[in-house]
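The values are calculated or read from the model by the stated rules, or taken from the named source; none is laboratory data. Just so we're clear, the structure is a prediction, and the values are computed from it rather than from any experiment. Cβ: placed from backbone, ideal geometry, glycine included. Neighbour counts: every protein chain shown. Quick note on the areas: whole protein, heavy atoms, side chains included, nothing else; ligands and nucleic acids left out. Shrake-Rupley method; radii C 1.70, N 1.55, O 1.52, S 1.80 Å.
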Amino acid sequence: MSRYMSSRFADLEAYVPGEQPQDMQYVKLNTNESPFPPAPAVTEAVKAEIDRLNLYPDPEGKVLRQKLAELYGVKTENIFLANGSDELLSFFFMTFCDRERGVAFPAVSYGFYPVYADLYGLDAQIIPLRENFRLAAEDYCGIGKNIVIANPNAPTGRTIPLSDIEKILRSNPDHVVMIDEAYIDFGGESCLPLLPKYDNLLICQTFSKFRSLAGGRLGFAIGSPGLIEDLDTIKYSTNSYNVNRLTMAAAVAAIDNNGYYVANSRTIQANRAYTVAELSKLGFETLPSMANFIFTHSPKVDGGTLYQELKARGVLVRHWDKPEITGWCRVTIGSREQMDIFLEKVREILEEAG
Ligand SMILES: *Cc1c(COP(=O)(O)O)cnc(C)c1O
């Protein structure tokens, strides 16, 4: 930190993204990317757009918002676009969370929530999960704070039913409840049907996982027109051209080729079931997952060792040095070939551990 940095950030601990090593080819199962490339039509659409890069993108992103609105059966005024859902989360905190309204989220969840809370000077209410990392809806009912919940949760992969989300929405009518559905397209149930009934619901989604576009950086919100308008006010006060032309062209083509991604998701779900079953034969305990990753641990090797030993063998997974989850690793579900390499290395490591 230089002596010029604002003192209000002196204690800020920045988010640490998963490793993106450039030195060697790893079997990369650490940041929940899709193993599948974008649909061929996406590549074509991006190429065609390159010639227009001299022009600013449409700040309203009308074409893409219209596409998304059709896909989800809502109106364009229900859609907000962001440079990745990380930016959307930042806008959510900036727009709705202040000292008066506050913010609450689970203790074991997406690592960016506490970072944004700090960045925006909030004293977040951090709510522990229950047994087996279960989220209990009653812990959030009537708490009188804005709320962010990832469903499925990360890094656990566990889901909560719509009835739980509805209880939380109904009991906090004066606060915004953001449901982060980054992984909803891998078998979970979206809370979109609740939208007409609750104007305090904000759904956060991303093109990074299910739609194979992590490098394009596109996230979006679905919510009541009032919430979207508020987000727009902050967006136009921050960066009005937050989504670039190439990404918007890619996203429109991706939506036109939705079937490709649905088929890929089915493959991922099959590979997930296969990996869980194989790990179980090796004595691993894995939480039930509706995401493109699993959260797993072995009674024979601790999480940190497994992570290190896998990395030494060219396989990257994610491990956190946090007391509640230090025994565990999060493993992205990739192609069948990737999962077979992962499983082979796990067997090797277990044999050496004796
Ligand atoms: C990956 C992820 C995001 C961020 O996605 P981007 O759109 O790539 O910024 C947001 N929330 C959760 C829970 C995630 O796992």
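Points worth noting:
- Within straight-line cross-link reach of LYS345, lysines at Cα separation under 16 Å, skipping those fewer than 8 residues along the same chain: LYS28, LYS281, LYS300, LYS311
- Two-site FRET efficiency, GLU13 against GLU229, from Cβ-Cβ distance with R₀ of 35 Å, rounded to 0.05: 0.60
- Orientation-averaged projection of the chain equals 18.8 nm² [convex hull of Cα atoms, one quarter of hull surface area].
- Note on LYS62: lysines with a C-alpha under 19 Å away, same-chain residues under 8 apart excluded, are LYS75, LYS235.
- Helices meeting the span-like rule in the chain (full DSSP H runs, Cα extent of at least 27 Å along the helix axis, mean Kyte-Doolittle score of -1.0 or higher): 258-281.
- Residue-normalised accessible area of the chain, expressed per residue, 1.4 Å probe, Å²: 46
- Karplus (6.51, -1.76, 1.60) ³J(HN,Hα), θ = phi - 60°, over segment 10-16, in Hz, Gly and Pro reported as x: 4, 9, 5, 9, 5, 5, 10
- Charge dipole of segment 40-256 (Cα centre as origin; +1 on each Lys and Arg Cβ, -1 on each Asp and Glu Cβ, all else neutral): 280 debye, rounded to the nearest 20.
- For the chain, share of DSSP beta bridges that run antiparallel, in % to the nearest 5: 50
- Sulfur and carbon atoms: percent of accessible area, the chain [1.4 Å]: 51
- Residue-count net charge about GLN125 - beta-carbon cut-off 13 Å; Lys, Arg +1, Asp, Glu -1: +1
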